[in-house]
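Note sheet for the following structure.
What follows is calculated from the coordinates using simple rules that are stated; it is not laboratory data. In this text the structure is predicted, and so the values were computed from the model without any measurement. All Cβ positions, even for glycine, are placed from backbone atoms using ideal geometry, and neighbour counts span all protein chains on display.
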Amino acid sequence: MFDYLIVGAGFAGSVLAERLASQAGKKVLVCDRRSHIGGNAYDHYNDAGVLVHRYGPHIFHTNSRDVFEYLSTFTEWRRYEHRVLASVDGQLVPIPINLDTINKLYSLNLTAFQVEEFFASVAEPKDSIRTSEDVVVSKVGRELYEKFFRNYTRKQWDMDPSELDRSVTARVPTRTNRDDRYFTDTYQAMPLHGFTRMFEAMLDHPNIKVMLNTDYREIQQVIPFKEMIYSGPVDEFFDLRFGKLPYRSLQFKHETLNENVHQPAAVINYPNEHLYTRVTEFKYLTGQEHPKTSIVYEYPKAEGDPYYPVPRPENAELYKKYKELADATPNVHFVGRLATYKYYNMDQVVAQALALFAKLGERQTWHPTESQVAAEPEKAVALSTSGPQNGNGKTSLN
Ligand code: FAD
Ligand code: UDP
């Protein structure tokens with residue numbers, strides 16, 4: 001008899017499996033309907049021997065020392081700060097929009113102070129910032145909004161930014177300095193040997209069994225267990241009882257090229273051209289040296305694997321109904337990006353999973369010590385969107 005059946009071997013499922021097995025002595029069965037562990041963060045060496053991320057670029061960043069230190073138990077790190085260029089008006093310019101973006105785009109030579117004045121002169125003040133359009137237009141005005149955000153967002157979400165919560169485009173800040181990093185978190189790094197190796201280390205415990213190519217519905221009546229932890233889509237769990245929760249999908253087109261370097265940055269965003277949103281060259285992320293290089297194009301799709309919850313008021317309403325049902329379902333715990341319908345980054349999912357582990361411990365005979373209890377997910381959300389903190393992680397980076 002297993003204590004827990006864990007559905008999904010991504011961050012949510014793997015963190016809980018690891019904690020429950022190693023800290024609470026529980027017997028755990030993890031199943032995933034895919035043929036591999038790691039969920040959307042899965043990486044592997046392709047036929048040419050280049051390390052690639054099957055489900056699009058995954059860059060680890062967090063302000064949470066707890067989360068970083070927790071994951072550091074399972075991997076060493078490689079320092080990596082992510083940089084992205086956007087193809088706009090025939091030029092490649094830094095995104096997030098910063099001082100250099102404006103100077104390059106308009107052939108100017110503004111200072112940081114002058115660019116602040118420039119933004120103020122073009123910004124459209126708003127009484128309330130509700131939508132993804134409001135966030136950008138109120139900061140940098142309509143022209144830059146149209147060049148960088150409007151069409152990218154329409155392509156990615158098949159929706160106008162005015163129909164999406166502000167949280168979507170608010171992920172991308174605006175800067176008046178020359179900082180061209182995509183993220184400013186205290187901890188920014190890639191697992192030295194890749195994400196999958198890190199997941200292998202997490203799941204390597206005698207109390208953990210892993211079943212791949214297995215939908216939980218195939219085994220739930222056959223294999224006995226006491227409680228379930230579910231990290232798949234919440235609407236599917238309840239057979240779409242209240243209708244389908246919208247999740248946005250992507251099609252990934254992977255290519256390997258016979259050249260050492262293909263493009264001048266890890267990621268190039270194409271807001272206004274092509275059917276794809278961005279192109280990623282993996283060797284920038286992984287630091288791998290190889291005579292060939294592998295890239296991936298992301299084509300947004302309505303149908304396919306669910307990758308993104310779609311943050312907008314009507315979907316939040318629908319999710320609320322599923323959440324009530326989830327809360328009223330005994331012995332099943334919902335966690336992760338799909339099961340809690342949150343546009344979470346990896347670190348936020350780790351924090352959420354650690355918080356669930358702490359909550360499970362409160363009801364039972366084991367009591368996680370403070371060091372095992374990471375920030376509440378909400379706190380992690382706030383951390384992830386704020387500027388750098390005075391982190392002083394002991395954990396070493398390579
Ligand atoms: P998942 O990784 O989706 O894992 C859920 C697992 O459950 C899946 O493996 C699925 O197969 C399995 N499952 C579902 N239903 C069933 C079932 N019925 N039976 C059995 N198994 C089932 N985050 C970052 O921090 N940085 C990034 O740069 C970043 N880039 C991203 C890029 C893309 C294109 C995408 C889509 C996401 C990105 N993310 C990034 C977010 C990151 O992928 C997620 O936060 C994280 O992987 C979520 O983990 P999870 O365990 O909640 O879900
Ligand atoms: N976005 C945009 N133009 C860009 C980059 C981002 O309009 O060049 C918007 C778009 O709506 C996107 C959102 O900001 O979905 C969040 O961007 P992020 O890069 O965080 O997306 P993710 O990596 O999660 O796909």
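Listed values, structure above:
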quantity: Expected 222 nm ellipticity per residue - DSSP helices of 4 or more, -39500 (n - 2.57), all of the chain, to 500; calculated: -9000 deg cm²/dmol
quantity: In degrees, nearest ten, helix 313-327 long axis to first principal axis of the chain (Cα); calculated: 10 degrees
quantity: Point-charge dipole on Cβ atoms (K/R +1, D/E -1) for the range 150-251, about Cα centre, debye to 20; calculated: 380 debye
quantity: Two-decimal log10 I(q)/I(0) for the range 41-169, as the Debye equation yields it once each C-alpha is a single scatterer, q = 0.10 Å⁻¹; calculated: -0.49
quantity: The range 114-268: Cα Rg divided by the 2.2 N^0.38 Å rule of thumb; calculated: 1.49
quantity: Within straight-line cross-link reach of LYS292, lysines at Cα separation under 21 Å, skipping those fewer than 8 residues along the same chain; calculated: LYS253, LYS283
quantity: Dipole magnitude (debye, nearest 20) for the chain, charges at Cβ of Lys, Arg, Asp, Glu; calculated: 340 debye
quantity: Those lysines that a straight Cα-Cα span of less than 16 Å connects to LYS226, excepting residues fewer than 8 apart in one chain; calculated: LYS26, LYS27, LYS209
quantity: All-pairs alpha carbon distance profile, the chain, 10 Å steps from 0, percent; calculated: 5, 21, 31, 27, 13, 3, 0
quantity: Calculated P(r) tail over 17 Å for the range 1-81, as whole % of Cα pairs; calculated: 58 percent
quantity: Charge dipole of the range 83-185 about the Cα centre (unit charges at C-beta), most positive-ward option of VAL172, LEU99, PHE183; calculated: PHE183
quantity: Cα Rg, Dmax, the range 108-201, angstrom units; calculated: 17.0, 53
quantity: Candidates GLY90, GLY141, GLY25: whichever shows maximal mean-square fluctuation once the chain is modelled as a Gaussian network with Cα springs under 10 Å; calculated: GLY90
quantity: C-alpha long axis of helix 112-122 to longest principal axis of the chain, angle in °; calculated: 90 degrees
quantity: Proximal lysines relative to LYS126, as straight alpha-carbon distance under 21 Å, when same-chain residues fewer than 8 apart are discounted; calculated: LYS139, LYS147
quantity: GNM top mover of TYR299, TYR45, TYR106 - the chain, alpha-carbon springs below 10 Å; calculated: TYR106
quantity: DSSP-defined beta bridges in the chain - what % are antiparallel, rounded to 5; calculated: 65 percent
quantity: Given charges at beta-carbon only (K, R positive; D, E negative), |dipole| of the range 166-324 in Debye; calculated: 420 debye
quantity: Charge dipole (the chain, unit charges on Cβ, about Cα centre) - positive-most of SER87, MET228, VAL350; calculated: MET228
